[in-house]
Structure formats: C-alpha cells, structure tokens
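These notes are about the structure you will find just below.
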Amino acid sequence: MKNFKKHIFNLPYYILLTGIFIFSPVQAQDARFTVVLDAGHGGHDPGAQSSMSKEKNINLSVVLDLGAIIEQKFKDVKVVYTRKTDKYLTLQERADIVNENHADLFICIHTNASPSPAAYGTETYTLGLAKTRANLDVAMRENSVILLESDYRTKYKGFDPKSVDSYIMFEFMQDKYIDKSVEFSSIIQKQFVNYCQRADRGVRQAGFWVLHRSACPSVLVELGFISNPAEERYLISDRGQKELATAVFNAFVDYKRDHDRRSGRQISSVSKADRKDRNDEPTQKQQALKVDSSKKTDVDTVSKHNKIESPTTDQKKIIQIPTFKVQFLASKKKLKQKASEFKGVNDTDYFEENGFYKYTVGVETEYSKIKQIRKEIVYKFPNAFIIAFVGDKKISINEALKLNK
C-alpha cells in the first residue's frame, strides 16, 4: 500500500517528465521563423535626400510592401518591423529588436546616394572590412546616424563613424553568420536583376554597426541611387517600390526553403512571384546591364549566375547622363586631402590618367553650373578647365553637350 501511494503521489512528476520529452521536439518543430525588417533612417533622420524625395520614405514603403507579402504568403513566419511609421531609432535600438526577438534573419533596407549623379544600380552588403573606399563611404554614411546621439562615444564603445581607424575592428571579426549572409545577399542581387531588371553592383562587405550587433544572418540592401534622376523616378514610384519588395521576397522564399531543408522542417510550398506578376511586363525581353565584375564585388563567391544582356530603356538614360567637373591641378604624386597645393579649394576629387593624378572640383549635370564653379576658382587656378564624363569614361565637352540636349 505504501509503494502504491508513493507511485500515485509521483504520478504528476512522471506525466510532466513524459510531456517534456514528447512535446519539446514538437514545439521546436513548430517554432516560427522570425524575420526582422528594418526601414533605414526615420523621424528627424531623413537619410539621403534629393529635390524630389527622402530616403527614409522610400525605405519604409518598400519594407511595408515586403512585410505584407511575407505575412500573406507564409503562415509559419513571424515578421517584426523595427518601425512602421516615420519614427527615429538608434542603430543599437534596431539591433536590440533583432536580438530580443531571437531573429533568424535581419533585412535592412536603405537607398544609396553618390556625389556623382551618374552612379546607379543595386548592391547588398554583409558585415566585413570595407575593401574599397566606395564601400567605406557607404558604411560611414549609414553609420553617421550615431552622431545624432549626444553620448554616442559611450553607447558605441568609442566607435567613431567618421574615423577610418574605427573600422579596423571589422578586420579581426569572425562573424559566424557571414556564409549565410553572403548566400542571401547573392540571391537578392540575382532577383534584382531577373525580376526588377536593375543594374547589378554585386555583393559587398563593409563595417555596419547595426549588422555587427545583430546575432543572426544579416544584410543591408541599397535599393538604388536617389542621386541619379532616372533611378530616383523608379525608386519613388509605386511600381518600383512594389517590384523591389517583391524581388527581396523572392530571395526570402529561396532562403527560407533552404533553411527548412537544413533544419529538418517541412519545406515551404510558397512560390516566388513570376515575371508575369510585374506591373508592366515589357514587350521585349530586357535584362539589366551588369556592372563589370572586377569593380562590383568584394566577395568571390557571388554573382556567377547573372547573364549580361542589353540594358533597359531607363538604364540607357542613366548611362548617358554626362557629368561635368573642373580640372584645376595635375600631379605626379598623390596629394593628401586639404594639401597646400589646393589653395583652400574643398571637396576635391581626382582621377588617374597618363601617369598623373588629376584633381577636380564640382560634379554637375548642368553645364551652366560647372561654368560657375570654374569662375569661382579661376583666380586661384587660371588654367582650370571643364571636363566631362559618362560614368567612369572621359568624353569631350561637345559629346557631353550633345547628350544633354
């Protein structure tokens, strides 16, 4: 009788123990995949700006479109937004949202900008050391939101987004999520080309604080250049925003399917959007112009899948926009920024030609404006003259003026 009572009194304990063994795997199997969507900038931080638009608004529109598609198609995915309104968040707050929700994937959406209105195309970043000045410039711009915080040096452990030295830390980081991040980035770029017909600038690496502080595979997408008039028209259009969101969704479908397979879960049956789902299917097959691979990527494992075909009409317009600069100095040696030879001229740039470093000031698409810049410095540099480029190619002034008509 004593033994019987002993077993009866311990029965709840055995039931609890049995439940743990039986239901824990089921709960793990049913746990939802969590994706955090981050619309870059917001509130009093507008991001990149032009006369027509602000980056923060483009980012938010694309994120809301992307989230809506995922929520509609995937019942086993939890979508978390860092913001759904015009709200300011610090970079650390964004990363905290990722970590507090134990995210499986983090997607940051941004819009690019360049001093040259000729720059165009999409690119996707993963965490790493910036191997080119262009990549470092993008990271510095996106990290500069830190400067809006009064105590940023304390909060961000001495990290200074303006200092090149601060970015050395990323050289020694071993990010355990890098392989999956690169994999997802390459799928996104493929979809931008195949679905949206955008120009492919490839997968790149740079030191983004928000990616560094997020404990999951993470990517930062640059949708295109707000500084390029033709590309901006696409970025601010309802059609463009929906297409870009759908392209990232298609990449998410592929990534999620592979994640399910590796995790032993039931593989999702959700299908990608087809090109026929585009709002305005072209009458002829068109593919985005692919940027030369030697210039567009820092990651050797990506961009092996895109075919080079003819550019779209919009991209031809982008390619043919000439830019004017004032060349005021040439030197056999590379000069430091604010060198005495510049005589106080700021915001200088340079290009290499025939063994010389040739220094310029100003980047304008209107000839009248570049003439004014030359007029302002000609008393310091009497031999300063106007030059023109299409992309990285130097052309004659007459060619540029013809293209501008």
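Listed here are the residues, each with its yes/no results for (1) buried (at least 18 other Cβ atoms within 10 Å of the Cβ); (2) closer than 20 Å to A245 by Cβ; (3) in contact with a strand residue (DSSP E or B) (Cβ under 6 Å, 6 or more places away or on another chain).
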residue: A31; (1), (2), (3): no, no, no
residue: V36; (1), (2), (3): yes, yes, yes
residue: Q49; (1), (2), (3): no, no, no
residue: T82; (1), (2), (3): yes, yes, yes
residue: T85; (1), (2), (3): no, yes, no
residue: Q92; (1), (2), (3): no, no, no
residue: C108; (1), (2), (3): yes, yes, yes
residue: N112; (1), (2), (3): yes, yes, yes
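Condition test on D96, is it surrounded by fewer than 18 Cβ atoms within 10 Å (Cβ to Cβ), of a type in the set (D, E, K, R) and modelled with pLDDT under 80? So D96 does not fit the description; no.
Within the range 313-349, the set of residues being assigned to a strand (DSSP E or B), at pLDDT below 85 and either among the small types (G, A, S) or farther than 21 Å from G121 by Cα (or both) comprises T348, D349.
The listed residues are A103, A134, and the only one of them that is at pLDDT 85 or above, of a type in the set (A, V, I, L, M, F, W, C) and surrounded by fewer than 24 Cβ atoms within 10 Å (Cβ to Cβ) turns out to be A103. Under the condition of being among the hydrophobic types (A, V, I, L, M, F, W, C) and touching a Lys or Arg at 6+ places or on another chain (Cβ under 7 Å), the residues counted in the range 75-100 number 3. Can we say V203 is at pLDDT 80 or above, farther than 19 Å from N59 by Cβ, of a type outside the set (S, T, N, Q) and assigned to a helix (DSSP H, G or I)? Spelling it out, it is not the case that V203 is at pLDDT 80 or above, farther than 19 Å from N59 by Cβ, of a type outside the set (S, T, N, Q) and assigned to a helix (DSSP H, G or I).
Scanning the range 68-90 for residues that are farther than 30 Å from A230 by Cα and either of a type in the set (F, W, Y) or not in a loop (DSSP other than H, G, I, E, B) (or both) yields E71, Q72, K73, F74, V77, K78, V79, V80. Where helices (runs of 4 or more DSSP H) sit wholly within the range 228-311, those with at least 2 residues that are modelled with pLDDT of 90 or more and in contact with a helix residue (DSSP H, G or I) (Cβ under 7 Å, 6 or more places away or on another chain) occupy 229-236, 238-263.
The values are calculated or read from the model by the stated rules, or taken from the named source; none is laboratory data. Keep in mind it's a predicted model, so treat the numbers as computed, not measured. Using ideal geometry, Cβ is built from the backbone for each residue, glycine included, and neighbour counts are taken over all protein chains shown.
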